[in-house]
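The values are calculated or read from the model by the stated rules, or taken from the named source; none is laboratory data. Here the structure is a predicted model, which means the values were calculated and not measured. Virtual Cβ from ideal backbone geometry, glycine too; neighbours counted across all protein chains shown.
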Amino acid sequence: MEAQTLVDLSHLIEAGMTTYKGLPGPHICDFWEREASRAFYDDGSTFQIGRIDMVANTGTYLDAPFHRYAEGADLAGLKLEQLASLPGIVVRRDATAIDTDAFDGLDVAGKAVLVHTGWDRHWRTEAYQTGHPFLTAAAAERLVADGARLVGIDSHNIDDTSGRSRPVHTILLGAGVLICEHMTNLGALPDAGFAFTAVPPKIAGMGTFPVRAFALI
């Protein structure tokens with residue numbers, strides 16, 4: 001049997017961390033402290049129940065159509081077939097505006113297309129927030145036309161955040177193509193030949209949530 005390897009593509013979520021400038025970091029604490037729970041059991045058992053207060057756009061997260069469109073599918077409306085064991089390819093680009101030529105000659109139909117820019121090296125620094133790599137609207141239109149199922153990027157945003165429009169979110173999510181942002185460790189993946197998974201909780205009425213994104217090589 002051929003050996004298989006799991007590669008983690010998600011950032012660690014920690015109390016107080018900043019993912020997106022202007023959004024609060026998560027507050028993580030005990031709801032039920034371990035030592036306090038001891039009084040409820042006769043055999044010395046102790047349990048911890050944690051509590052987390054955070055915005056949905058924290059860490060590595062997935063965008064469903066509801067994130068952009070009120071009538072779009074929310075997290076609970078996504079099928080596992082859209083999220084798990086997708087055939088994946090990696091596109092590597094050292095550029096700010098990533099245009100259609102990045103996808104020349106690639107078969108993206110039915111695939112998770114992961115854009116490796118190396119911007120994750122700036123994670124949790126001021127540099128991460130500005131001047132980041134992004135896709136152009138034309139690139140998004142091409143990915144939709146060519147049948148991509150999910151598009152991921154290891155950058156601050158799949159759109160250019162220097163302006164007040166978000167064409168890539170609009171185009172991809174409008175076509176039902178899911179987005180995974182703030183990825184990491186894409187350099188550990190081959191260009192193809194892996195299965196990609198990024199499954200959020202099944203929550204109604206939300207369009208974004210952190211995922212444990214990973215690849216099976």
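Here Gln129 passes the criteria (1) closer than 26 Å to Leu216 by Cα; (2) within 18 Å of the chain's Cα centre (by Cα) except the one numbered (1). State the number of residues belonging to segment 170-214 that are touching a Pro at 6+ places or on another chain (Cβ under 9 Å) and part of a strand (DSSP E or B). The qualifying residues number 9. Out of segment 79-107, which residues are assigned to a loop (DSSP other than H, G, I, E, B) and surrounded by fewer than 20 Cβ atoms within 10 Å (Cβ to Cβ)? If the condition is that a residue be assigned to a loop (DSSP other than H, G, I, E, B) and surrounded by fewer than 20 Cβ atoms within 10 Å (Cβ to Cβ), then Lys79, Ala84, Ser85, Arg93, Asp94, Ala95, Thr96, Asp99, Asp104, Gly105, Leu106, Asp107 are the ones that fit. Taking segment 26-58 as the range and being touching a Ser or Thr at 6+ places or on another chain (Cβ under 7 Å) and surrounded by fewer than 16 Cβ atoms within 10 Å (Cβ to Cβ) as the test, the residues that pass are Arg34, Glu35, Ser37, Arg38, Thr46, Phe47.
Within segment 159-217, the set of residues being under 17 Å from the mean Cα position of the chain (by Cα), within 21 Å of Gly88 (Cβ to Cβ) and of a type in the set (Asp, Glu) comprises Glu181 only.
Among the residues of segment 35-49, are any at pLDDT 95 or above and closer than 27 Å to Val7 by Cα? No, the conditions are met nowhere in segment 35-49.
Just for segment 117-146: of the residues that are touching a residue at least 40 places away in the same chain (Cβ under 8 Å) and of a type in the set (Gly, Ala, Ser), which one is farthest from Gly59 (Cα to Cα)? Checking each candidate, the answer is Ala139.
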